[in-house]
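Notes to accompany the following structure.
The values are calculated or read from the model by the stated rules, or taken from the named source; none is laboratory data. On a predicted model such as this, the values are computed, not experimentally measured, just so you know. Because the Cβ atoms are built from the backbone with ideal geometry, glycine has one as well, and the counts that use them run over all protein chains shown. Each accessible area value is taken on the protein alone, full model and side chains, heavy atoms only, with ligands, DNA and RNA left out. Shrake-Rupley method; radii C 1.70, N 1.55, O 1.52, S 1.80 Å.
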Amino acid sequence: MAMIEIDGLVKDFDGFIAVDDVSFTVERGTVMGFLGPNGAGKSTTMKMITGFLPPTAGRITVCGFDVWDRPIAAKRRIGYLPEGAPAYPDMTPRGFLEFCADIRRLSGADRAKKLDQAVDRIQLGDVLDQPIDTLSKGFKRRVGLAQAILHDPEVLILDEPTDGLDPNQKHQVRALIRAMAPEKAIIISTHILEEVEAVCSRAMIIARGKVLAEGHPAADGWQFGDLIAGPGRLDAVFRQITTGQAQGEAA
Amino acid sequence: MTGTIAVFRRELAGYFATPVAYVFICIFLFLSGIFTFYLGNFFERGQADLKPFFMFHPWLYLLLMPAIAMRLWAEERKSGTIELLMTLPVSLPAIVVGKFLAAWVFTASALALTFPVWLTASFLGHPDHGVIIAGYIGSLLMAGAYLAICACISATTRNQVIAFVVGVVVCFLFTVSGSPIVLDTLGAILPRAAADLIASFSFITRFGAILDGVIDLRDVVFFGSLMALWLFANAIVVDLRKAG
Ligand SMILES: Nc1ncnc2c1ncn2[C@@H]1O[C@H](COP(=O)(O)OP(=O)(O)OP(=O)(O)O)[C@@H](O)[C@H]1O
Ligand SMILES: [Mg+2]
């Protein structure tokens, strides 16, 4: 059974089709990259998978639970970093993570261990007691990441997880995603194509709500259909697929 | 339950995290003092009861309850945390109730701090403590109804100022619908039954009955069902307008 199953997903915002008949599955051990121009529908798809927005049509199952029929069961198994990493500005990272731990019913030694682990993995120790309001953009994102991995979920949905992070932190977060990958099904969206090569085992290029291409690593780079991108050349393939213009050496 | 408690605790701590809570409690105590001792002629009446104190509560709440409830949902929308909250494993009713309870308990603590008024009355004479307790219970019930109204209104917008202003207007309608001026006007233009119906929704009429010292079950049911109704509406509004 795939951990995430999406079938015929459609989102219609009062006549504007933001997601148009998207279907795919993600297995345990997979890191799926969502690529696509601004407004492609990446975040909207993630909001539906995590049960925030109701789909206009289609079915989403997470770990066997239908997100709309069994929302609580599905949400227990998901860790989600929403776009922009929202967090309560008047709380400290410590208070915020404890709140999430409360809602997720973590208790006793397990709770303490998971809180420590999340803080440790995201390196939040220095700012734990500083109001989130006063944190830098990168630290805010890290607080959001810590919240997403807190309960060691089977499914991780991360909307632009490394946006705003410094190079060291980017490196750190990518290493973290790779380390978590074997036990989880992970979807990340990103505009950084080197990130796809660094952490993803599959990728989908989406534009105007439709899946344009699916790719995976091949012997000599990344393969999207009959297009092959050599190492570091994903951007040319991305441009070609999303704009329809052949460019550079992608062929 | 776990979810409600977690939301409740976060929300209540949120009230006390900023100086606003303390400023608010001071304003509350100051205004109840003014209303009671100055406008209410507490000393001149020569009667040791708290009627003047309680009589002003509807008017006090009219302004203060929208101020307490305005941030409950509007803030959540504005900062985008609503997306986080709604994707945590907690049901919408649990969130709605947790938020409401936090605002209500906060109000209750402000109300509890008015105990010196009670002490003053006991010191000056021999008030009927049963009537005073009824007054406190009635006041708390009424505050809950105002808060439920304002929580629902807060869910319709991301702007706290709008939530406050609309909240005051709606609370005002529920407050004055039983006042003599409104009743006389309505009586002139509406059939008797309709005017009576509107009057029966008046917080002042209901609260006034409780202040006489009898907590009638019907009045409790009135405030209780108003709270339930508005919190139900609150959940529906959040559900429909999640994304906006
Ligand atoms: N609540 C909404 N009402 C109407 N339209 C919306 C709403 N939310 C998103 N959209 C539209 O849906 C489209 C897809 O938006 P989405 O946020 O999913 O894009 P994205 O792929 O995440 O883009 P980005 O790379 O900029 O984050 C956009 O055109 C957006 O304007
Ligand atoms: Mg996006």
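Below are the figures for this structure:
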{"read-out": "Value in Å of the Kirkwood radius, where the stretch A:21-73 supplies the Cα pairs that are averaged", "value": "12.2"}
{"read-out": "Candidates B:Y22, B:Y146, B:Y136, ranked by Gaussian network fluctuation over chain B, Cα under 10 Å, top entry", "value": "B:Y22"}
{"read-out": "1.4 Å probe, heavy atoms, protein only - residues of the stretch A:27-72 losing at least 40 Å² accessible area vs chain alone", "value": "A:F52, A:I72"}
{"read-out": "Gyration tensor over alpha-carbon atoms, chain A, equivalent ellipsoid semi-axes in Å", "value": "30, 22, 17"}
{"read-out": "Share of carbon and sulfur in the accessible heavy-atom surface of the stretch A:111-251 [1.4 Å probe, %]", "value": "47"}
{"read-out": "Heavy-atom SASA rank of A:F24, B:F123 (probe 1.4 Å, accessible area, largest first)", "value": "B:F123, A:F24"}
{"read-out": "Per residue accessible area in Å² of the protein assembly as shown, where ligands, DNA and RNA are left out and the probe is 1.4 Å", "value": "43"}
{"read-out": "Distance between the stretch B:189-244 and the stretch A:98-172 - C-alpha centres, whole angstrom", "value": "44"}
{"read-out": "Within 10 Å of each Cβ in A:78-88, the average number of Cβ atoms from other chains", "value": "4"}
{"read-out": "Most positive-pole-ward Cα, B:L31, A:L150, A:A101, against dipole of the protein assembly as shown from beta carbon charges", "value": "B:L31"}
{"read-out": "Shielded residues, the stretch B:1-24 - accessible-area loss of 30 Å² or more between chain alone and all protein chains, probe 1.4 Å", "value": "B:T2, B:A6, B:R10"}
{"read-out": "Amide H partners (placed H, <5 Å) of A:V19, local residues excluded", "value": "A:K11"}
{"read-out": "Rounded tilt (10° steps) of A:108-122 against the dominant C-alpha axis of chain A", "value": "50"}
{"read-out": "Listing of the stretch B:88-113 residues, each with accessible area lower by at least 10 Å² in the full protein assembly than in the chain alone (probe 1.4 Å)", "value": "B:L88, B:P89, B:V90, B:S91"}
{"read-out": "Convex hull volume per residue for chain B, taking Cα atoms only, in Å³", "value": "137"}
{"read-out": "Derived scalar couplings ³J(HN,Hα) [the stretch B:163-178; Karplus, 6.51 cos²θ - 1.76 cosθ + 1.60; whole Hz; x for Gly, Pro]", "value": "4, 5, 4, 4, x, 4, 4, 5, 4, 4, 4, 5, 6, 7, 4, x"}
{"read-out": "J(HN,Hα) series, the stretch A:38-43, from Karplus relation 6.51 cos²θ - 1.76 cosθ + 1.60, nearest Hz, glycine and proline x", "value": "4, x, 5, x, 5, 5"}
{"read-out": "Using alpha-carbon coordinates, inclination of helix A:167-180 to the longest axis of chain A, degrees", "value": "90"}
{"read-out": "Summed buried accessible surface, chains B and A, 1.4 Å probe, nearest 100 Å²", "value": "2300"}
{"read-out": "Vicinal HN-Hα couplings computed from phi for the stretch B:233-239 (Karplus, 6.51 cos²θ - 1.76 cosθ + 1.60; Hz; Gly/Pro x)", "value": "4, 4, 4, 5, 4, 4, 4"}
{"read-out": "Placed amide H near A:L156: partners under 5 Å, 5+ positions off or other chain", "value": "A:G79, A:A185, A:I186, A:I187"}
{"read-out": "Unit charges on C-beta of K, R, D, E only; dipole of chain A, Debye", "value": "420"}
{"read-out": "Evaluated at q = 0.07, 0.09, 0.12 Å⁻¹: base-10 log I(q)/I(0), Debye formula over Cα of the protein assembly as shown", "value": "-0.49, -0.72, -1.04"}
{"read-out": "Cα-Cα separations in the stretch B:160-244 greater than 19 Å, expressed as whole percent", "value": "53"}
{"read-out": "Between helix B:115-124 and chain B: long-axis angle, C-alpha atoms, 0 to 90°, nearest 10", "value": "10"}
{"read-out": "Mean ellipticity per residue at 222 nm, deg cm²/dmol - from DSSP H runs of n ≥ 4 across chain A, formula -39500 (n - 2.57)", "value": "-10000 deg cm²/dmol"}
{"read-out": "q = 0.14, 0.17 Å⁻¹: log10 I(q)/I(0) that the Debye formula gives for the stretch B:51-130, counting C-alpha atoms only", "value": "-0.65, -0.80"}
{"read-out": "Separation in nanometres of the label points that stand 7 Å from Cα toward Cβ, at B:S179 and A:Q117", "value": "6.1"}
{"read-out": "Residue mean of other protein chain beta carbons inside 10 Å, A:89-96", "value": "3"}
{"read-out": "Förster-model FRET efficiency, 51 Å R0, A:D220 and B:I236, C-beta, rounded to 0.05", "value": "0.35"}
{"read-out": "Cα convex hull of the stretch B:63-182, projected area averaged across orientations, nm²", "value": "9.5"}
{"read-out": "Cα-centre dipole for the protein assembly as shown with unit charges at Cβ (Lys and Arg positive, Asp and Glu negative), debye to 20", "value": "320"}
{"read-out": "Fraction in percent of alpha-carbon pairs per bin - 10 Å, the stretch A:24-122", "value": "12, 37, 37, 14, 1"}
{"read-out": "Heavy-atom SASA rank of B:K99, A:K137 (probe 1.4 Å, accessible area, largest first)", "value": "A:K137, B:K99"}
